[in-house]
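A.B. asks: Take this structure, written in structure tokens, and hold onto it; I'll ask about it next.
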Amino acid sequence: MDSLREQEEIKYSKIWEFSQYRLHSPGLTYIEEAAKNLGMEEGDHVLDVGCGSGKTSEWLCEKGMFVHGIDIANNAVNEVMVDRPNFYFSQECCWQLSQKVTETDWVICTDVLEHLPEKMVHPTLHQLSKKIKKGGFFSICCIPDSFGPKYINQSLHLTVRSARWWADQLGRYWTISWDQPSSSNDVLILVHPRKEKKIEWPKRD
């Protein structure tokens, strides 16, 4: 295990010990809209990258999808997910995926990329680009976090960049469409393999 991966694993194992951190699941805000726009269906296979407590994975499982949740912290996933027949968890580092992570229909990655050291953003995107068959959804926070400094005296958001910057990075690997709702600090990005037709976010009022 490289030192950076070990450092991040220790940090997130520590942060998931706080019950307050488990209360937050920003990805749930957007997953229904994203799944509809992508055309995700019952029986599809989904890789939930940085699944955390598993709330987004749980929503996908309830829609009849098969979900492989991955996270760098082995203590992240809520116990309620363990016995779900259509959910599987493995401890993984985003930029060093193991052979357990195979090709999947969709990748969901909500509020994860901003947590990566900036030099690991492209190794992560490169890894994920080899796994996606149909497309995926990313939501990325564009402001610094307050939870990490408050509870463990360490920042959790290591790559704080603009929505346009994130869109440009993901656009190197996929055909994308992106949106930043006026009331949100997140950029929302739908991705598809370049040979596929681009899917647009619906226009907002």
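A.B. asks: Which of the residues that make up region 101-121 are among the hydrophobic types (A, V, I, L, M, F, W, C), outside any helix (DSSP H, G or I) and within 16 Å of Glu9 (Cα to Cα)?
C.D. replies: From region 101-121, those among the hydrophobic types (A, V, I, L, M, F, W, C) are 101, 106-109, 112-113, 116, 120-121; that's our starting set.
Keeping just the survivors that are outside any helix (DSSP H, G or I) gives 101, 106-109, 112, 116.
If the condition is that a residue be among the hydrophobic types (A, V, I, L, M, F, W, C), outside any helix (DSSP H, G or I) and within 16 Å of Glu9 (Cα to Cα), then Val112, Leu116 are the ones that fit.
A.B. asks: Continuing with the same structure: With modelled with pLDDT of 95 or more and either farther than 30 Å from Ser3 by Cβ or surrounded by fewer than 20 Cβ atoms within 10 Å (Cβ to Cβ) (or both) as the only criterion, which of Gly43, Gly54 stands out?
C.D. replies: Working: Gly54 fails: either farther than 30 Å from Ser3 by Cβ or surrounded by fewer than 20 Cβ atoms within 10 Å (Cβ to Cβ) (or both).
After applying the criteria, what remains is Gly43.
A.B. asks: Yes or no: region 10-19 includes at least one residue that is free of Cβ contacts under 8 Å to residues at least 24 places away in the same chain and open to solvent by 20 Å² or more (accessible area, probe 1.4 Å). Walk me through how you get there before you give the answer.
C.D. replies: Narrowing region 10-19 to residues free of Cβ contacts under 8 Å to residues at least 24 places away in the same chain: 10, 19.
Filter once more, keeping what is open to solvent by 20 Å² or more (accessible area, probe 1.4 Å): 10, 19.
The answer is yes; a qualifying residue exists.
A.B. asks: Another question, then. Among the residues of region 23-34, are any assigned to a helix (DSSP H, G or I) and out of contact with any strand residue (DSSP E or B) (no Cβ under 9 Å at 6 or more places or on another chain)? Full working, then the answer.
C.D. replies: Quick first cut of region 23-34, residues assigned to a helix (DSSP H, G or I) only: 23, 26-29, 31-34.
Still in the running and out of contact with any strand residue (DSSP E or B) (no Cβ under 9 Å at 6 or more places or on another chain): 23, 32.
Checked region 23-34: at least one residue is assigned to a helix (DSSP H, G or I) and out of contact with any strand residue (DSSP E or B) (no Cβ under 9 Å at 6 or more places or on another chain).
A.B. asks: Out of curiosity, is Phe89 out of contact with any strand residue (DSSP E or B) (no Cβ under 7 Å at 6 or more places or on another chain) and touching a residue at least 12 places away in the same chain (Cβ under 8 Å)?
C.D. replies: Values: out of contact with any strand residue (DSSP E or B) (no Cβ under 7 Å at 6 or more places or on another chain): no; touching a residue at least 12 places away in the same chain (Cβ under 8 Å): yes.
No.
A.B. asks: Output the residues belonging to region 88-112 that are open to solvent by 40 Å² or more (accessible area, probe 1.4 Å) and among the β-branched types (Val, Ile, Thr).
C.D. replies: First pass over region 88-112, keeping only residues open to solvent by 40 Å² or more (accessible area, probe 1.4 Å): 88-89, 91, 96, 98-100, 102-103.
The answer is Thr102, and nothing else.
A.B. asks: Tell me which residues, restricted to region 170-181, are touching a residue at least 12 places away in the same chain (Cβ under 8 Å) and either assigned to a strand (DSSP E or B) or out of contact with any helix residue (DSSP H, G or I) (no Cβ under 6 Å at 6 or more places or on another chain) (or both). Step through it out loud before you land on a result.
C.D. replies: Within region 170-181, the first condition is being touching a residue at least 12 places away in the same chain (Cβ under 8 Å), and the residues that meet it are 170, 172-181.
Listed by number, the residues that qualify are Leu170, Arg172, Trp174, Thr175, Ile176, Ser177, Trp178, Asp179, Pro181.
A.B. asks: Follow-up question, since we're still on this one. Condition check: assigned to a loop (DSSP other than H, G, I, E, B), small (Gly, Ala, Ser) and within 27 Å of Glu200 (Cα to Cα). Does Ser98 satisfy that? Write out each step before concluding.
C.D. replies: On the way: assigned to a loop (DSSP other than H, G, I, E, B): yes; small (Gly, Ala, Ser): yes; within 27 Å of Glu200 (Cα to Cα): no.
Answer is no for this residue.
Every residue, every condition in (1) on the phi > 0 side of the Ramachandran plot; (2) surrounded by fewer than 20 Cβ atoms within 10 Å (Cβ to Cβ); (3) part of a helix (DSSP H, G or I), yes or no:
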residue	(1), (2), (3)
Pro123	no, yes, yes
Leu128	no, no, yes
Ile143	no, yes, no
Lys150	no, yes, yes
Leu156	no, no, no
Asp168	no, yes, yes
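A.B. asks: Give Lys133, Lys63 a once-over and let me know the one that is basic (Lys, Arg), open to solvent by 60 Å² or more (accessible area, probe 1.4 Å) and farther than 19 Å from Tyr30 by Cβ. Outline the logic, then answer.
C.D. replies: Numbers: Lys63 fails: farther than 19 Å from Tyr30 by Cβ.
Unique residue meeting the criteria: Lys133.
A.B. asks: Looking only at region 62-75, how many residues end up being more than 21 Å from Leu128 (Cα to Cα) and either outside any loop (DSSP other than H, G, I, E, B) or not basic (Lys, Arg) (or both)?
C.D. replies: Qualifying residue count for the region: 3.
The values are calculated or read from the model by the stated rules, or taken from the named source; none is laboratory data. Note that this is a predicted model, so its numbers are computed, not measured. So basically every Cβ, Gly included, is an ideal-geometry build from the backbone, and we count neighbours across all protein chains shown. Calculation scope for accessible area: heavy atoms of the full protein, side chains included, ligands and nucleic acids excluded. Shrake-Rupley method; radii C 1.70, N 1.55, O 1.52, S 1.80 Å.
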